[in-house]
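Read-outs: derived from the displayed coordinates by stated rules, not from any lab. Values in this document were obtained by computation on a predicted structure and should not be read as measured data. Every residue, glycine as well, gets a Cβ built from its backbone with ideal geometry; the counts of neighbours run over all protein chains shown.
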């Protein structure tokens, strides 16, 4: 069953695509570390990553398809 959430900008996103920092780093161990991801998230407003983030209480979740799209724009 796929459940949808509405992002602050009004876009729908699947809850199945939301990942914790550890889950996302585990999915891409060859290119992403927990420390690197935390640094990216700490600067998410400045680097444009905020669009891929959802805060649930104290937990910050990352929408994987949006993170992947953001990462693709960062390549040289």
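Within 10 Å of each residue's Cβ, count the other Cβ atoms and sort 39, 70 from fewest upward.
Details: 39 11, 70 19.
Sorted ascending by nearby Cβ count, the order is 39, 70.
Most exposed first by the Cβ proxy, i.e. fewest other Cβ within 10 Å, how do 30, 14 rank? Don't jump to the answer; show the numbers that get you there.
Details: 30 4, 14 13.
Least to most surrounded, the residues fall as 30, 14.
Distance from the Cα centre of the range 51-75 to that of the range 11-36, in angstrom?
8
Contour minus end-to-end for residue 26 and residue 46, with contour as 0.36 nm per residue of separation and end-to-end as the Cα-Cα distance? All intermediate terms of the calculation are to be shown ahead of the outcome.
Numbers: separation 20, 0.36 × 20 = 7.20 nm, distance 2.48 nm.
Taking residue 26 through residue 46 to full extension adds about 4.7 nm, to one decimal.
For the range 14-73, what does the alpha-carbon gyration tensor say about shape, rounded, prolate or oblate, given a ≥ b ≥ c as the root eigenvalues, a/c under 1.5 as rounded, and a/b over b/c as prolate? Walk me through the numbers before you get to the answer.
Details: a/c = 1.22, a/b = 1.08, b/c = 1.13.
Rounded shape, in that the Cα axes give a/c under 1.5.
What nm distance separates the two modelled labels at residue 14 and residue 55, each placed 7 Å from Cα along Cα→Cβ?
2.7
Taking the beta-carbon count within 10 Å as an exposure proxy, list 20, 73 from fewest neighbours to most.
Listing 20, 73 from fewest to most nearby Cβ atoms yields 73, 20.
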